[in-house]
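As structure tokens, the structure follows; a few thoughts come after it.
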Amino acid sequence: MYQQRYQTDKRRQDCYICGSYKKRTADCTAHFIRTDLLTAGVTENLRKVTSYAARHEARFMKLLTEQTEDGSKRRNAAKKKELEAAEKRIAELSAIFKRLYEDSVTGRISDERFTELSATTKPSKRN
């Protein structure tokens, strides 16, 4: 989203324009939302939420707790998946290094080549 300001002799209007359209991509048509309407909508939503929270504090706290737990579960699942991928990669590298060592011991590669291939290097950052 991009914020844009328009001003004429008669009025001044702020709005948010779709970023895809602003970049002139073919998959998006012109659309925007006026800042005053967005602010009014957010303010009304906040009023409703705070009113509900004031009237039903225990139920509201339970909902917040459940949402927090759900978010934590999702983050934990993602971290677990990342850990499993890292452990798999470590196992792959161990197998590669073992084969490299065996090739060195059996004379299939020279000592110089073994040293070169097994030298520690800084790992590149992955995106």
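Please treat every number below as a calculation from the coordinates, not as lab data. These figures come from a predicted structure and were not determined experimentally. Counting neighbours? That spans all protein chains shown, and the Cβs are built from the backbone with ideal geometry, glycine included.
How much net charge surrounds residue 66 when only the other residues with a Cβ under 14 Å from the Cβ of residue 66 are counted, with Lys and Arg +1 and Asp and Glu -1?
Numbers: positive: 59, 62, 73, 74; negative: 69, 70.
So the environment of residue 66 carries a net charge of +2.
Classify the stretch 3-120: rounded, prolate or oblate, from the alpha-carbon gyration tensor (a ≥ b ≥ c, eigenvalue square roots; a/c under 1.5 rounded; otherwise prolate if a/b is larger than b/c)? All intermediate terms of the calculation are to be shown ahead of the outcome.
On the way: a/c = 6.01, a/b = 1.98, b/c = 3.03.
Oblate, because a/c is 1.5 or more while a/b does not exceed b/c.
Near the amide H of residue 14, under 5 Å away, which other amide H atoms are found, from residues 5 or more places off or on another chain, if H is placed in the peptide plane?
6, 35, 36
Using θ = phi - 60° and the Karplus curve 6.51 cos²θ - 1.76 cosθ + 1.60, what whole-Hz ³J(HN,Hα) does each residue of the stretch 60-66 get, with Gly and Pro shown as x?
Going residue by residue, I get 4, 5, 5, 4, 4, 4, 4 Hz, with x marking Gly and Pro.
What distance in nm separates the two pseudo spin-label positions at residue 111 and residue 12, each 7 Å out from Cα along the beta-carbon direction?
8.0
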